[in-house]
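Report on one structure; see the data block that follows.
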Amino acid sequence: MDMPSFRPATTADIPAIVELVTSAYRGEASRKGWTTEADLLDGQRIEPGVLAADIARPRSVVLLAERDGALLACAHVAEEDGAGYFGMFAVRPDLQGGGVGKAVLAEAERIAREEWDLATMRMTVIDVRDSLIAFYERRGYVRTGIHKPFPYGDERFGVPLRDDLRFEVLEKPLRAGVAA
């Protein structure tokens, strides 16, 4: 596989990012990949206003992975509470399992470690997403046991199809000798 090129998103990219993220997580299109949340959530996955704020704020980048000008994947990388934060990770469903996601995650970790000098990367994952958590564990992330509530009632983040959703914080040290 040819490695994708990376660039930071601009506000002009918002419609394409919303389309990509929605296709990876919601509805029938998402079922082509393994990251679907279609059985857990309905509605939108990302709100354009939240995305614009993520693009604009300091020490935050919405990372795009492209090949020949085509958008393949994206992720949000930011500094939060002295650590890197990785979120809004989406790979086109027809490309999942082909290495693009691993490349995006590695680039996000590089940004946090080398450009922002951060020692740890954190993320939140819906804790019933066992295969997704296993993907991150294979890449050095550990479950912290710290849980955060799902934003029930805030449709900017989707419409829950079940009542037991919550997030778990995963962490990974980005430098040798740093405990997660």
Subset of the range 17-55, residues over 11 Å from Met88 (Cβ atoms), open to solvent by 40 Å² or more (accessible area, probe 1.4 Å) and in contact with a Gly (Cβ under 7 Å, 6 or more places away or on another chain), comes to Trp34, Asp42, Gln44
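Scan the range 126-180 residue by residue and report those that are in a strand (DSSP E or B), of a type in the set (A, V, I, L, M) and either touching a residue at least 60 places away in the same chain (Cβ under 8 Å) or open to solvent by 50 Å² or more (accessible area, probe 1.4 Å) (or both). Explain how you work it out, then say what you get.
Kept after step one, since they are in a strand (DSSP E or B), are these residues of the range 126-180: 126, 142-149, 159-160, 166-173.
Okay, now just the ones that are also of a type in the set (A, V, I, L, M), so 126, 142, 146, 159, 169-170.
Listed by number, the residues that qualify are Ile126, Val142, Ile146, Val159.
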Here the residues within the range 67-88 that are without any contact (Cβ under 8 Å) to a residue 40 or more places away in the chain and not charged (D, E, K, R) are Gly69, Ala70, Ala75, His76, Val77, Ala78, Gly82, Tyr85, Phe86, Gly87
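The values are calculated or read from the model by the stated rules, or taken from the named source; none is laboratory data. All values derive from a computational prediction rather than experimental measurement. Using ideal geometry, Cβ is built from the backbone for each residue, glycine included, and neighbour counts are taken over all protein chains shown. Quick note on the areas: whole protein, heavy atoms, side chains included, nothing else; ligands and nucleic acids left out. Shrake-Rupley method; radii C 1.70, N 1.55, O 1.52, S 1.80 Å.
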